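Asker: Dropping the structure in here first, questions after.
Bear in mind that the values in this text are calculations on the coordinates, not laboratory data. Values in this document were obtained by computation on a predicted structure and should not be read as measured data. Cβ placement follows ideal geometry from the backbone for every residue including glycine, while neighbour counts extend to all protein chains displayed.
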Amino acid sequence: MSKQSRKKGNKKISKVALIAFPVVLVLLIVLIGYLDKTGKEQAQQEKETQVVQFDLSNQPVIGSKDAKVTLVEFGDYKCGSCVNWKQHVYPELKKDFIDTGKVKLSYSNMTFQPGNTRLAALAGEAVFAQNNESFWKFHQALYNDQVEHLTQEFTVEYLLDIAKKAAPELDLKKLEDDIRNETYAEQLAHDDRVSKEAKVNSTPTVFINGKLHMTEQPLNYDELKAAIEKALEAS
């Protein structure tokens, strides 16, 4: 083959390569996008169908021990959506299902928000160690107070003041010592491990009888109510 023929052949190959490369690149991008979407959909489906077995033996719980439906809530005391949930969803949930003995609710800490939320979680655990009923008084009062103080950083003094007003039966000296000494740090570590095992990455997150309550509107009580009623029918 002559040099001229080889040059012509090489030019043809180059032209084909120039045309084919963008096509292959586009197809590759489409394939990667499809695989990514499929992977996300599969992960989402797994989250919706998995049933998590929560051990509530050392967790704060409100409601009848014989309730047929168990809700596990993951929250952060400086989470704005959690504050709204406690203001607008929890009162209805308590009235319709907890106070009627149909549902019991457990709370687990997440502490990824700024504002020293770990300190508040330590305080909550210390209150719970003294008395479960006192915990729920303190817990609700602390969330209620965040309506006006969401950007304020938690301090030991502030938390003790909330505890004194909400649950005067508490031993405040012991509570202060437990907060400052981080007596219940292991319980926070436990909550963190549980949240990771349950693949919780936002707050508020709620599980109903071990199944993740999937909703685009976490503050929509009607959706939560319908999901609970469905769980009651199935139990």
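Asker: Using the alpha-carbon centroid of each, what span in Å lies between the stretch 219-235 and the stretch 118-178?
Answerer: 30
Asker: Under a point-charge model restricted to the Cβ atoms of Lys and Arg (+1) and Asp and Glu (-1), what is the dipole moment magnitude of the stretch 137-212 relative to its Cα centre, in debye to the nearest 20? Walk me through the intermediate numbers first.
Answerer: Working: 10 positive and 15 negative charges, 81 e Å.
Here the stretch 137-212 has a charge dipole of around 380 debye.
Asker: May I ask you to derive the relative contact order of the stretch 67-125, considering only C-alpha pairs under 8 Å and at least 6 residues apart, and to give it as an integer percent?
Answerer: 51
Asker: Which net charge results for the neighbourhood of F112, defined as the other residues with beta-carbon distances under 13 angstrom from its beta-carbon, given Lys and Arg at +1 and Asp and Glu at -1?
Answerer: Every neighbour counted, the sum reads 0.
Asker: Could you tell me which GluC sites (Glu not before Pro) in the stretch 178-235 are loop residues by DSSP with no more than 16 other beta carbons within 10 angstrom of their beta carbon?
Answerer: E182, E216
Asker: So what is the relative contact order for the stretch 148-235, in percent, with contacts set as C-alpha pairs under 8 Å and at least six apart?
Answerer: 14
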